[in-house]
Amino acid sequence: MEYCNLCPNACNADRTASAGVCGVDDRIRIAKYYLHPFEEPVLSGKNGSGTIFFCGCSLKCVFCQNYAVSRAERGKIISVTELAEIFRELEERGAHNINLVTPTHYAHRIIEALKLYRPHIPVVWNTHGYETEETLAFIAPYADIFLTDVKYFAPETAKRYCGKADYFAYASRAAEIMCEKPLIFQDGMMQSGTIVRHLVLPQNVEDSLRILDWFAPLKDKAYLSLMSQYTPFGKIDAFPELQRKITKREYHKVLDHALSLGIENIFVQELKSSGGEYIPAWDY
Ligand code: SF4
């Protein structure tokens, strides 16, 4: 953590002393933990996914629905021991898995906590996808399930919305590595494997179609989660195209393309999934 290069920002920050580009130093900061009922059904099941929201982010999309969390404007600092206790508590409350949301900038600390207490339920590494191969290799022994975004295809799109023109190069390679995890289910719940999420954005259908073309060869190795829940949020005044939800026509154009590519392992969302009521109330 003295020369942090955990993510492609490679900012070399001394996080024992100050924050990196991800906005946080090496102390674990969380905004909430609870049994999340609205993840994909193979993760949330009937009891919920034991979800922990970590503060800070190495990507920082302008429309982030968890804006105050990703910018580390809020949150509570906890110790490695307390994090291990949260794993245990969520498991005892019946969680189907431990779902670590935007965790990679705390990878070292999370792995320390998993060494203190390794839950008997799957660990989900829930990431925006902007990951390096080196960090993935470090994480992989501790993650049973990868839940990864592939958000943008075109460098211009990624540059516009998160300032990282190389997003797809990193996220696609990371997802291809993640998809090597074997798909294993038990009683309808995912125990191992990868779900690739893609959020359809207004006026960005072409980007979505190219992402599906990329995903098609992986379609038997992983699940696709095609999300329609985009809601105008964050700092988007300078982005007129982001001021509305997506239309039914946009979503169905993307979904039809997925089906035409023979992608059958797919989760779809109803358009009514968009809206602020699905953003959790933060506890810290
Ligand atoms: S995890 Fe944070 S500190 Fe480390 S390289 Fe990425 S942005 Fe920089």
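So if I take the alpha carbon set of region 47-136, get Rg, then get Rh from the Kirkwood formula, what is the Rg over Rh ratio?
Values: Rg = 13.2 Å, Rh = 13.7 Å.
Computed over Cα atoms, the ratio is 0.96.
Apply 1/(1 + (r/R0)^6) to the Cβ-Cβ distance of Val268 and Asp14, taking R0 = 35 Å, and write down the FRET efficiency to the nearest 0.05.
On the way: r = 45 Å, r/R0 = 1.27.
Efficiency, from the Cβ-Cβ distance: 0.20.
For region 28-278, with the dipole built from +1 on Lys and Arg beta-carbon atoms and -1 on Asp and Glu ones, taken about the Cα centre, which of Pro103, Ala238, Tyr34 lies farthest toward the positive end?
Working it through, the farthest residue towards the positive pole turns out to be Ala238.
For the chain, modelled as a GNM with alpha-carbon contacts under 10 angstrom, which of His105, His96, His36 fluctuates the most?
So, out of His105, His96, His36, the one fluctuating most is His36.
In a GNM of the chain with a 10 Å cut-off on Cα contacts, which of Cys11, Cys55, Cys179 has the highest mean-square fluctuation?
Cys11
Take Asp166 and Phe38, extend 7 Å from each Cα along the Cα→Cβ direction, and tell me the distance between the two endpoints in nm.
Result: 3.5 nm between the two label points.
Membrane-span-like helices in the chain: DSSP H runs reaching 27 Å or more (Cα, own axis), mean Kyte hydropathy at least 0.0? Intermediate values should be presented prior to the final figure.
Details: long enough: none.
Membrane-span-like by this criterion, though nothing is claimed about a membrane: none.
What's the center-to-center distance, using Cα atoms, between region 128-145 and region 1-36 in Å?
Centre-to-centre distance over Cα atoms comes out at 15 Å.
Which one, Val62, Ile86, Gly188, projects farthest toward the positive side of the charge dipole computed for the chain from Cβ point charges (K/R +1, D/E -1)?
Val62
Would you work out the relative contact order for the chain, in percent, from Cα pairs under 8 angstrom that are 6 or more residues apart?
In percent, rounded to a whole number, it is 16.
Between region 224-266 and region 166-184, what is the C-alpha centre distance in whole Å?
Using only Cα atoms to place each centre, the spacing works out to 21 Å.
Using a basic spin-label model with each label point 7 Å from the Cα along Cα→Cβ, how many nm lie between Ala154 and His108?
4.0
Determine the shape class of region 36-89: with a ≥ b ≥ c the square roots of the Cα gyration tensor eigenvalues, call it rounded for a/c under 1.5, and otherwise prolate if a/b is greater than b/c, oblate otherwise. List each step's numbers first, then the result.
Working: a/c = 2.95, a/b = 1.18, b/c = 2.50.
Taking the square roots of the gyration eigenvalues as a ≥ b ≥ c, region 36-89 is oblate.
Just want to confirm a number: the relative contact order over region 4-153, from Cα pairs under 8 angstrom separated by 6+ residues, in percent. Please list the in-between numbers first.
Details: 287 pairs, mean separation 33.2, N = 150.
Averaging sequence separation for qualifying contacts and normalising by length gives 22 percent for region 4-153.
Under 21 Å between C-alpha atoms is the cut-off here; go through region 171-284 and count lysine pairs that meet it, provided they're at least eight residues apart or on different chains. If you can, show how the numbers build up before the last one.
Working: Lys181/Lys219; Lys181/Lys221; Lys219/Lys253; Lys235/Lys245; Lys245/Lys253; Lys245/Lys272; Lys248/Lys272; Lys253/Lys272.
Count of close lysine pairs: 8.
What's the FRET efficiency of Ala238 with Ala216 using the Cβ-Cβ distance as r and R₀ = 35 Å, to the nearest 0.05?
The computed FRET efficiency comes out at 0.55.
For the chain, what does -39500 (n - 2.57) per DSSP helix run (n ≥ 4), summed and divided by total residues, give at 222 nm, in deg cm²/dmol to the nearest 500? Each step should come with its number before you reach the end.
Numbers: 9 runs with 82 residues, N = 284.
Rounded to the nearest 500, the figure is -8000 deg cm²/dmol.
Report the FRET efficiency, 1/(1 + (r/R0)^6), for Tyr284 and Glu206, where r is their Cβ-Cβ distance and R0 is 30 Å, rounded to 0.05.
Numbers: r = 39 Å, r/R0 = 1.31.
It comes out at approximately 0.15.
Identify which of Gly234, Gly188, Gly56 has the largest mean-square fluctuation in a Gaussian network model of the chain, with springs joining Cα atoms closer than 10 Å.
Answer for the Gaussian network model of the chain: Gly188.
FYI, it's all coordinate maths here, none of it is from the lab. Keep in mind it's a predicted model, so treat the numbers as computed, not measured. Cβ: placed from backbone, ideal geometry, glycine included. Neighbour counts: every protein chain shown.
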